[in-house]
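Here is the structure we will look at, set down as structure tokens.
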Amino acid sequence: MTAPTLAMTGATGFVGGATLRQAVAAGWHVRALTRRPQAEREGVTWIAGALDRPDSLAELAQGSDAVMHIAGVVNVPTRAAFEAGNATATSHVVDAARGAGITRFIHISSLAAREKDLSNYSWSKARAETIVRASGLDWTIVRPPAVFGPGDTEMLDLFRMARRGIALVPSGRMSAIYVEELARLLVALAGDRDASIGAIYEPDDGRAKGWSHRSFARAIGRAVGRHHVSTLATPALLLRAGGRLDTFVRRSRAKLTPDRARYIAHPDWVVAEGACPPPGLWRPEIDTGDALAETVRWYRRENWL
């Protein structure tokens, strides 16, 4: 019996890499987009290309049973760059799926899409969702909260601060999900032809009402062996000032831009009640404390921490 084929963008990234591994393990053959040459890998066909190259996206989708769009941008300097990397790119992937006669489409968005007026990033993710919803495909949208796990660079600074016993955190609350848990959901959705069509899911680790940023930093502290982490709330005004300063100093290499600062300072990044996938399809299985500890072990093996 021929293995089903999954076309995937973002397979060389953090979430995409975990999803690629799990998809192959689950019996999928993956056609994966890549900008750079990759080592041969059983169960994977690498397709050279990019999101702004429709010809390569057409090749990616060719002969596939489903398309999963994970790739996007989270920290670029202008609204136009966000539009290109998130909205226009999504339109190109949708066009490729339709051109190949594929109907099943899984789109990985962000909780930020709920707040389209908050930042350029949020606006671009909301715009991408609008494109998917109007596509006529059998789509499912997944809005992950904060994703952590081996290979992640976005939360690495928080782990490093917790190791030192002090962490600067925003005010407000958040939800979180372990990358392996998110990947398991995405693979399940790729094979789901009925229940999830037209659904927008906001998965998390199952913690009711999410985490305060302080409590999550303390959980990371326990994972790194710090049983007491002093947490200092960073006011939104200070975050925005930091975004301007980082942009002034590091220009295009800035990590904390004003746009990113507005996103971070938002007080409610908790998944919506009732928006989790149905338990018959997926439910979180790994305790967050155990997942954080595994993340720490990986960071240490790789000398990141």
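The values are calculated or read from the model by the stated rules, or taken from the named source; none is laboratory data. The model shown is predicted, which means the values in this text are computed figures rather than measured ones. Positions of Cβ are generated from backbone atoms using ideal geometry, with glycine treated the same way; all protein chains shown enter the neighbour counts. The accessibility values were calculated without ligands, DNA or RNA, using every heavy atom of the protein model including side chains. Shrake-Rupley method; radii C 1.70, N 1.55, O 1.52, S 1.80 Å.
Residue-wise test of (1) within 30 Å of residue 293 (Cβ to Cβ); (2) free of Cβ contacts under 8 Å to residues at least 60 places away in the same chain; (3) in contact with a strand residue (DSSP E or B) (Cβ under 9 Å, 6 or more places away or on another chain); (4) basic (Lys, Arg).
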{"position": "85", "(1), (2), (3), (4)": "no, yes, no, no"}
{"position": "92", "(1), (2), (3), (4)": "no, yes, no, no"}
{"position": "95", "(1), (2), (3), (4)": "no, yes, no, no"}
{"position": "108", "(1), (2), (3), (4)": "yes, no, yes, no"}
{"position": "113", "(1), (2), (3), (4)": "no, yes, yes, no"}
{"position": "126", "(1), (2), (3), (4)": "no, yes, no, no"}
{"position": "129", "(1), (2), (3), (4)": "no, no, yes, no"}
{"position": "134", "(1), (2), (3), (4)": "no, yes, no, no"}
{"position": "146", "(1), (2), (3), (4)": "yes, no, yes, no"}
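Only residues that are in a loop (DSSP other than H, G, I, E, B), in contact (Cβ under 8 Å) with a residue 40 or more places away in the chain and either within 18 Å of residue 100 (Cβ to Cβ) or not charged (D, E, K, R) (or both): list them for the stretch 36-55, please.
43, 51
Return a yes/no flag: does the stretch 156-179 have any residue that is open to solvent by 30 Å² or more (accessible area, probe 1.4 Å), polar (S, T, N, Q) and either at pLDDT 95 or above or closer than 23 Å to residue 114 by Cβ (or both).
yes
Would you check if there is a residue in the stretch 131-149 being within 22 Å of residue 24 (Cα to Cα), of a type in the set (Lys, Arg) and in a helix (DSSP H, G or I)?
Within the stretch 131-149, none of the residues are within 22 Å of residue 24 (Cα to Cα), of a type in the set (Lys, Arg) and in a helix (DSSP H, G or I).
Hey, can you tell me all the residues within the stretch 1-30 that are open to solvent by less than 30 Å² (accessible area, probe 1.4 Å), closer than 20 Å to residue 151 by Cβ and among the β-branched types (Val, Ile, Thr)?
Within the stretch 1-30, 9, 15, 19, 30 meet the criteria.
State whether one or more residues within the stretch 89-102 are aliphatic (A, V, I, L, M), open to solvent by less than 60 Å² (accessible area, probe 1.4 Å) and at pLDDT below 95.
Looking for residues that are aliphatic (A, V, I, L, M), open to solvent by less than 60 Å² (accessible area, probe 1.4 Å) and at pLDDT below 95, one finds none in the stretch 89-102, hence no.
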